[in-house]
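Quick notes on the structure that follows.
The values are calculated or read from the model by the stated rules, or taken from the named source; none is laboratory data. Keep in mind that what you see is a predicted model, and the values were worked out from it rather than measured. Neighbour counts run over all protein chains shown; Cβ positions are idealised from the backbone, glycine included. All accessible areas refer to the heavy atoms of the entire protein, side chains included, with ligands and DNA or RNA removed. Shrake-Rupley method; radii C 1.70, N 1.55, O 1.52, S 1.80 Å.
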Amino acid sequence: KFKARLVADGNTQKYLVDFDRVFSAVVKPATIRLLLIIAAALDLDLCQVDIKQAYLQSELKEDLYMRVPPGLSPYDADGRPVCCKLRRALYGCKQSGKLWADEFAKFLVDYGFTRSTIDTCLFTLRSSDGFIILCAIYVDDAAIAHNSGKTYQAFLKSLSKRFPVDDRGTLQWLLGVSITRDRG
């Protein structure tokens, strides 16, 4: 399967001119272990979702320009040189990770999740028919532990309306670690 990606040349960005913070949402290893322990102790289902093209989901706040990508004419119809003004974050921009993390966290909080004060990548949701613990936000992946299929499906439906989502089903791999369960 071939993919083409447009990646910005972030090494030309200047601090406090083009960006102010560099950040990426990465869950703490201790939080992952805690999530797996709670899921095993309470016999919760573990699922995984991946947000496709995550960085493109957030809009840039700064005016950021880049050269025309190879293969396209760097001149307009009148022969004047042109450049591209970015409206959305691209892979390679210094602030893309921070913007995406803020966008995803805003969606989760607006949905009703509560953000942990200990690990900013851990969100919990309690509902009348069950609860969901959303954890392991590692850039664009999330591991979800839940005890209510109905609550999980409602959340997944809402998530897929906002972002392009790849539902990976039962959690099998998390940050290079194989997850196997013996529920017997």
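Is there a pair in K1/K61; K3/K94; K106/K157; K3/K106 whose C-alpha atoms are over 26 Å apart, and which pairs would that be? Intermediate values should be presented prior to the final figure.
Details: K1/K61 33 Å; K3/K94 22 Å; K106/K157 17 Å; K3/K106 29 Å.
From the list (K1/K61; K3/K94; K106/K157; K3/K106), the Cα-Cα distance tops 26 Å for K1/K61; K3/K106.
Over segment 105-184, Cα pairs under 8 Å with separation of 6+ residues give a relative contact order of 15 percent. Taking all protein chains together, D102, D140 sort by accessible area into D102, D140, largest first [probe 1.4 Å].
Taking 0.36 nm per residue of separation and subtracting the Cα-Cα distance, what length does fully extending D129 through S160 add? Write out the running numbers ahead of the final one.
Working: separation 31, 0.36 × 31 = 11.16 nm, distance 2.13 nm.
My answer for the length gained is 9.0 nm.
Calculated FRET efficiency, S24 and Y75, Cβ-Cβ r, R0 45 Å, to nearest 0.05? If you can, show how the numbers build up before the last one.
Numbers: r = 36 Å, r/R0 = 0.81.
So the FRET efficiency works out to roughly 0.80.
Per residue, the accessible area of the chain comes to 62 Å², computed with a 1.4 Å probe over protein heavy atoms only.
Can you say what percent of the DSSP beta bridges in the chain, counting only those with both residues inside, are antiparallel? Round to 5. The partial results should precede the final answer.
Working: 29 of 30 bridges.
The antiparallel fraction comes to roughly 95 percent.
How big is the gap, in Å, between the Cα center of segment 169-184 and the Cα center of segment 56-110? Each part reduced to its Cα centre gives a spacing of 35 Å. Modelled spin-label separation between K106 and F2, with each label point placed 7 Å from Cα along the Cα-to-Cβ direction: 3.7 nm. Per atom type, the chain shows carbon and sulfur on 53% of its accessible surface, probed at 1.4 Å.
Between the helical axis of 96-111 and the dominant principal axis of the chain, each derived from Cα atoms, what acute angle in degrees is found, rounded to the nearest 10? Approximately 40 degrees, to the nearest 10. Of the residues A54, A30, A101, the one that moves most in a GNM of the chain with alpha-carbon contacts below 10 Å is A30.
Work out the FRET efficiency for T180 and E59 from their Cβ-Cβ distance, taking R0 = 25 Å, and round it to the nearest 0.05.
Details: r = 40 Å, r/R0 = 1.60.
The calculated FRET efficiency here is 0.05.
Residues D119, D182, D78 ordered from highest to lowest accessible area at a 1.4 Å probe: D182, D78, D119. Multiplying the residue separation of Y138 and A40 by 0.36 nm and subtracting their alpha-carbon distance yields 33.2 nm. From helices alone, the chain scores -8000 deg cm²/dmol at 222 nm; the rule is -39500 (n - 2.57) for each run of n ≥ 4 DSSP H residues, then divide by the residue total.
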